Amino acid sequence: MSQDNAIETEGLTKRFGDLVAVDNVDLTARTGSVLGVLGPNGAGKTTIVRMLATLSQPTAGTASVGGHDIVHDAARVRSLIGLTGQFAGVDELLTGEENLLFIGRLLGVPRRAARERARELLAQFDLSDAGDKAAKAYSGGMRRRLDLAASLVGRPKILFLDEPTTGLDPRARGELWDLVRTLVADGTTVLLTTQYLEEADQLADDIVVIDRGKVIATGTPNQLKSKIGGQTLRIQPEDPAQLETVSGLVAARFPELDPLVEAGAITIGVNDDGVMPSLAADLRERGITLTDFHLGLSSLDEVFLTLTGHRAETDDETDPTETEPEVSQ
Amino acid sequence: MTAATIDIDIETTGRPNPVDTVRQTLSMAWRQMVRIKHNPFELVDLSLSPIMFLLLFVYVFGGQMAGSTSDYLQYVLGGLIAQNAIFLTMYTGTGINADLRKGVYDRFRSLPIARSAPLAGKIFADMFKQVWSIVIMLGLGLLMGFELRSVAGAVLAAVVLVFFALAISWVSVLMGVVADSEEKVQIYAFVIIMPLTFTSSAFVDINTMPGFMQAWAKVNPVTHLADVMRGLLSNGPIASPLMWTAVWAAAILVVTAPVAMAAYKRKMV
């Protein structure tokens with residue numbers, strides 16, 4: 001195992017009965033970098049994090065964190081990592097400061113130093129004013145910040161953030177991103193799972209795209225964008241009733257493209273410069289008026305669509321295997 | 001990050017040693033005590049049922065049971081304290097069951113601490129509730145006219161009770177770990193504890209029971225515990241019931257603790 005890599009997995013696999021939640025995953029996080037693990041709900045992201053953070057053991061494959069094997073050297077791994085899960089790991093009845101003090105005491109930090117560390121973290125996470133309030137009175141964003149602070153009490157060298165901003169409003173999300181950037185600037189290696197493509201784009205140095213337990217793409221955000229030719233054509237007819245006509249037209253002329261009809265517009269991933277002019281001619285011929293017709297660089301969202309054939313952001317449905325992998329252990 | 005003013009280095013080379021385990025257990029117990037500090041109603045909540053039981057048993061059944069309520073109070077207080085202690089252990093199981101589902105246990109699992117610390121801390125802190133309950137019941141009993149044998153007897157009774165509760169908490173832990181909801185833990189506990197405590201000497205003289213019931217009541221651990229409480233607080237033999245209570249506690253501990261611990265470790269991984 002290379003010292004340059006804080007996290008390395010080889011053929012990492014987790015089965016729950018017949019369900020293969022994580023299927024032969026190879027991934028690498030360079031020391032001091034942010035690895036984004038991107039995928040929809042139920043893709044197996046949380047299961048990967050749980051194995052790497054020594055909460056559950058792989059069915060097959062190996063992984064090392066900070067150079068230590070996650071199964072045979074779990075105690076050493078635990079002394080290096082911090083974990084912020086999808087569900088806040090703070091005690092709601094305790095105040096913010098007590099929560100941090102408690103973790104410090106658990107880690108064997110002397111009382112006075114633990115209290116100082118707690119206050120330091122509260123200040124850093126803009127929670128000083130709420131430090132003596134019970135965590136249950138915190139807003140969603142404050143709770144996540146406290147949770148992140150709790151995972152940092154022991155100054156972990158490697159931090160796992162499992163969907164740290166799911167359910168947060170854009171402002172709280174932006175604040176959390178800034179905090180993560182500060183940590184990374186300080187040398188912490190971060191493995192971040194997310195179903196938000198923008199989040200991976202914003203924070204990650206490298207991205208691993210996961211779908212149904214398998215790695216379907218790896219690379220830097222820019223590499224992933226260029227992987228599929230990188231261009232997206234968006235067509236929006238003035239009259240939504242004409243959407244079908246337009247998509248029929250696209251399908252007839254370019255049967256190899258797979259147009260996505262969504263929110264009153266049609267999106268097509270294109271590589272060929274000739275597509276746009278020829279479609280423009282067709283549409284004018286039919287007398288279809290457009291409110292939007294432009295070619296842009298693909299966002300990660302479109303990359304995901306191209307790679308998997310389905311959209312990434314499915315906010316409402318939660319796969320039970322993703323959140324609570326306690327089935328038939 | 002701001003300048004690191006506090007030096008913390010928790011990088012360990014291996015498993016936590018026994019001293020660390022004890023310290024972590026105490027930290028876990030501290031968390032439980034702080035929870036009570038922030039939610040004192042929990043103590044009121046767990047005082048209500050013993051207060052009600054004591055008042056109802058003495059003033060409703062007392063006259064018929066022993067001829068006078070004061071005589072029955074003298075008999076039943078020890079039994080009620082024993083019964084309540086056993087009921088209280090149920091909260092250890094329900095608490096662990098609830099905690100295991102929450103993110104906070106995931107955090108514990110990711111920390112370099114002994115796997116047993118969260119569990120041991122919870123059991124340890126729950127002993128505070130045991131002491132609290134015996135104080136409440138004894139206090140109310142004294143107000144109702146209970147004649148305490150001696151203060152030393154009361155202290156000893158609390159010690160015996162805590163040791164017995166420590167042992168049988170493991171039954172509750174086992175139920176808490178394997179049950180898939182808090183409600184199920186409560187149902188299991190109710191179905192076991194209710195008949196167990198009633199088929200004992202806690203409330204009545206077992207000589208009034210039919211033969212088959214007497215045979216069971218004579219070996220029932222609750223009988224021995226109730227008799228010890230009665231002996232230490234009021235009057236009656238102490239040595240023999242104390243010995244049997246200890247034997248039962250040891251037997252329950254030896255059988256259930258390893259099973260519960262194994263089930264718990266499977267959950268903790």
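The values are calculated or read from the model by the stated rules, or taken from the named source; none is laboratory data. Here the structure is a predicted model, which is why all the values come from computation and not from measurement. Cβ coordinates were reconstructed from backbone atoms using ideal geometry, including for glycine residues, and neighbour counts include every protein chain displayed. Protein only, heavy atoms only, side chains kept; ligands, DNA and RNA dropped before computing areas. Shrake-Rupley method; radii C 1.70, N 1.55, O 1.52, S 1.80 Å.
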query = For the range A:176-228, list the strands (runs of 3 or more DSSP E) that sit wholly inside it and hold at least 1 residues that are more than 14 Å from chain B (Cβ to nearest Cβ) and farther than 29 Å from A:M142 by Cβ; which are they?
reply = A:206-211, A:214-219
query = Applying the selection to the range A:263-280, what residues are modelled with pLDDT of 75 or more and either part of a strand (DSSP E or B) or surrounded by 11 or more Cβ atoms within 10 Å (Cβ to Cβ) (or both)?
reply = A:G264, A:A265, A:I266, A:T267, A:I268, A:V275, A:M276, A:S278, A:L279, A:A280
task = Could you pull out the residue among A:D201, A:D178, A:D205 that is closer than 16 Å to A:R30 by Cβ and surrounded by fewer than 21 Cβ atoms within 10 Å (Cβ to Cβ)?
result = A:D205
task = Quick one: count up the residues across the range B:219-238 that are modelled with pLDDT under 95 and either polar (S, T, N, Q) or not in a loop (DSSP other than H, G, I, E, B) (or both).
result = 2
request  = Pull up the range A:79-130, narrow it to residues that are touching a residue at least 12 places away in the same chain (Cβ under 8 Å) and aromatic (F, W, Y), then point me to the one that is farthest from the other protein chains (Cβ to nearest Cβ).
outcome  = A:F125
request  = Could you tell me whether the range B:83-96 includes any residue that is open to solvent by 60 Å² or more (accessible area, probe 1.4 Å), at pLDDT 90 or above, within 18 Å of the chain's Cα centre (by Cα) and more than 11 Å from chain A (Cβ to nearest Cβ)?
outcome  = yes
message = Among the numbered criteria (1) at pLDDT 90 or above; (2) open to solvent by less than 30 Å² (accessible area, probe 1.4 Å), which one does B:I8 miss?
response = (1)
ask   = Does B:L174 qualify as being touching a residue at least 12 places away in the same chain (Cβ under 8 Å), assigned to a helix (DSSP H, G or I) and within 30 Å of B:K267 (Cα to Cα)?
value = yes
task = Determine the pairs where a residue that is open to solvent by less than 60 Å² (accessible area, probe 1.4 Å), located within the range A:281-297, has a partner that is part of a strand (DSSP E or B) with Cβ atoms under 6 Å apart, the partner being 6 or more residues away or on another chain.
result = A:I288/A:P237; A:L290/A:P237; A:D292/A:R234; A:D292/A:Q236; A:F293/A:I235; A:G296/A:T232
inquiry  = It is to be established whether one or more residues within the range A:30-53 are in a loop (DSSP other than H, G, I, E, B), open to solvent by less than 20 Å² (accessible area, probe 1.4 Å), within 12 Å of chain B (Cβ to nearest Cβ) and in contact (Cβ under 8 Å) with a residue 24 or more places away in the chain.
reply    = yes
query = Mind checking which pairs have a first residue in the range B:49-68 that is over 18 Å from B:L88 (Cβ atoms) and a second that is of a type in the set (D, E) and part of a helix (DSSP H, G or I), Cβ under 9 Å, 6 or more apart or different chains?
reply = B:G62/B:D71; B:M65/B:D71
request  = Examine the range B:192-199 for a residue that is over 30 Å from B:K102 (Cβ atoms) and under 16 Å from the mean Cα position of the chain (by Cα), and state whether such a residue exists.
outcome  = yes
ask   = Regarding A:G17, is this residue open to solvent by 20 Å² or more (accessible area, probe 1.4 Å), over 25 Å from the mean Cα position of the chain (by Cα) and in the same structural domain as A:W177 (by TED's automatic domain parsing)?
value = yes
inquiry  = So, B:V131, is that one in a helix (DSSP H, G or I), under 14 Å from the mean Cα position of the chain (by Cα) and without any contact (Cβ under 8 Å) to a residue 60 or more places away in the chain or not?
reply    = yes
key: Residue among A:P255, A:P221, A:P237 that is of a type outside the set (D, E, K, R) and without any contact (Cβ under 8 Å) to a residue 40 or more places away in the chain   = A:P255
